[in-house]
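The structure appears right after this line, and notes come after that.
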Number of protein chains: 2
Amino acid sequence: MPRTKGDHEARRRDVSEAVWRVLAAHGFGGLTLRAVAAELGATTGLLTHYFPAKRDLVAHALDLLEERSASRPRRAAGSGLSAVRAALLDVLPLNAEATDANRIWVSSWDVALADSALSGDHARRYAQSRDRLSDLIAAAQRLGELPAGDPARIAAGAQAFVLGLVVQTLFDPTAFPAQRQAELLDDYLASLTSPPAPHGEGTDPS
Amino acid sequence: MPRTKGDHEARRRDVSEAVWRVLAAHGFGGLTLRAVAAELGATTGLLTHYFPAKRDLVAHALDLLEERSASRPRRAAGSGLSAVRAALLDVLPLNAEATDANRIWVSSWDVALADSALSGDHARRYAQSRDRLSDLIAAAQRLGELPAGDPARIAAGAQAFVLGLVVQTLFDPTAFPAQRQAELLDDYLASLTSPPAPHGEGTDPS
């Protein structure tokens, strides 16, 4: 009997789940057909059907990372500064699922930096992410919740801050529990609301 | 004739140089005996004398990264806030040499996160780096150049900021030339000087 489309889809999902678990545990450095086969309880032969070469496996892993990042649950954003805060919190490894995803992102940096096409993809991804942040920052400025200033420049700073906080947290989760991550982010946001207008909320100089 | 100690040292330096160049070009993901041998113009047989196993090669690469980071040239620091600024600028990929070193650091994160001993080493390294930064911040506070606040907390934020800026710059050097990196850092430092004491330098609302 021919396999149904449903079987095929289910098998693909199983394979993707196994790839994800290998990445979360071992990173791209540990991503091999053998490791995925072991995680899946299958033969490497079966996997070569999906991934004829190592590069196909890496490409699938990167697609998976992008898909899962795009479809991850997001905080209700509100508007203005609270939307900026929600977008930045959405990046941080505040729970196990977000920690896995971030660990895989950080791991992908080594692979991507070694390959100019992949590096270009990552650069575009981070530029888009800064653009989205920049729009949120501009909206917060229009509401008077952030002082004037180039939103793209503020977005670049904010993205740097959360990416670096991700890295520190992955290495030292005890030093950076969820609450501390949120406090550090709030310190950062509080500092953004001050200059160049230091008196009170937003840009009100009174 | 027996080889002299000088020969041996010179050969070790050549090997280390080759490891460094492979890391800068291909990261830890591309670090193999074969790649180092090709870079060195030697046989892999010779290299197995230095590195019996892949793990020995990785360990040497991590030692090298630490040594070179510890011995890299540093800016004249001054004191107070200018010492904080110098320490943070010293991290950033502002020139080709610092870009190579940062690219190798970022690459090492994948290797380290996959190995609890290495991950612990990295965690200790970053904690020490935060401690040093914290001392500089406390000194700047004593000089009245930074407002009161937990120096360790400010250091964690500042370290997050520069690490994330490193990552963004490596992926998008065109968007983050040296001058923009320095401007973003100065924006960050300016924001630190504001809260919670709104009347210091940089916060004059006039």
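The values are calculated or read from the model by the stated rules, or taken from the named source; none is laboratory data. What you see is a predicted model, and the numbers here were worked out from it, not measured in a lab. Positions of Cβ are backbone-derived with ideal geometry, glycine not excepted, and every protein chain shown enters the neighbour counts. Ligands, DNA and RNA are stripped out before the accessible areas are found, and what is left, the full protein with its side chains, is counted by its heavy atoms. Shrake-Rupley method; radii C 1.70, N 1.55, O 1.52, S 1.80 Å.
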Original post:
Taking the stretch B:85-113 on its own, how many of its residues are aliphatic (A, V, I, L, M) and touching a Ser or Thr at 6+ places or on another chain (Cβ under 8 Å)?
Top reply: 4
**OP:** Could you please find all residues in the stretch A:47-85 being buried (at least 16 other Cβ atoms within 10 Å of the Cβ) and among the hydrophobic types (A, V, I, L, M, F, W, C)?
**Re:** A:47, A:51, A:57, A:58, A:61, A:62, A:64, A:65, A:81, A:83, A:84
Original post:
With respect to the numbered conditions (1) crowded, with 16+ Cβ neighbours inside 10 Å; (2) over 24 Å from residue A:119 (Cβ atoms), which one is the sole condition not fulfilled by residue A:16?
Top reply: (2)
**OP:** Would you check if there is a residue in the stretch A:137-152 being open to solvent by less than 50 Å² (accessible area, probe 1.4 Å), under 16 Å from the mean Cα position of the chain (by Cα), in contact (Cβ under 8 Å) with a residue 40 or more places away in the chain and more than 9 Å from chain B (Cβ to nearest Cβ)?
**Re:** no
**OP:** Could you please give the count of residues in the stretch A:31-46 that are within 14 Å of chain B (Cβ to nearest Cβ) and open to solvent by 20 Å² or more (accessible area, probe 1.4 Å)?
**Re:** 2
Original post:
Counting just the residues of the stretch A:19-30 that are under 18 Å from the mean Cα position of the chain (by Cα) and within 11 Å of chain B (Cβ to nearest Cβ), which one comes out most open to solvent (accessible area, probe 1.4 Å)?
Top reply: A:26
Original post:
Can you tell me which residues in the stretch A:100-121 are open to solvent by 10 Å² or more (accessible area, probe 1.4 Å), part of a helix (DSSP H, G or I) and more than 7 Å from chain B (Cβ to nearest Cβ)?
Top reply: A:100, A:101, A:102, A:105, A:116, A:117, A:118, A:120, A:121
Original post:
When the stretch A:122-131 is examined, which residues are found to be under 14 Å from the mean Cα position of the chain (by Cα) and open to solvent by 60 Å² or more (accessible area, probe 1.4 Å)?
Top reply: A:124, A:128
**OP:** Could you tell me which of the residues A:172, A:186 is at the interface with chain B (Cβ under 9 Å from one of its Cβ atoms), of a type in the set (D, E, K, R) and within 30 Å of residue B:119 (Cα to Cα)?
**Re:** A:172
Original post:
Pick from B:90, B:63, B:7, B:110: which is under 20 Å from the mean Cα position of the chain (by Cα) and more than 30 Å from residue B:174 (Cα to Cα)?
Top reply: B:63
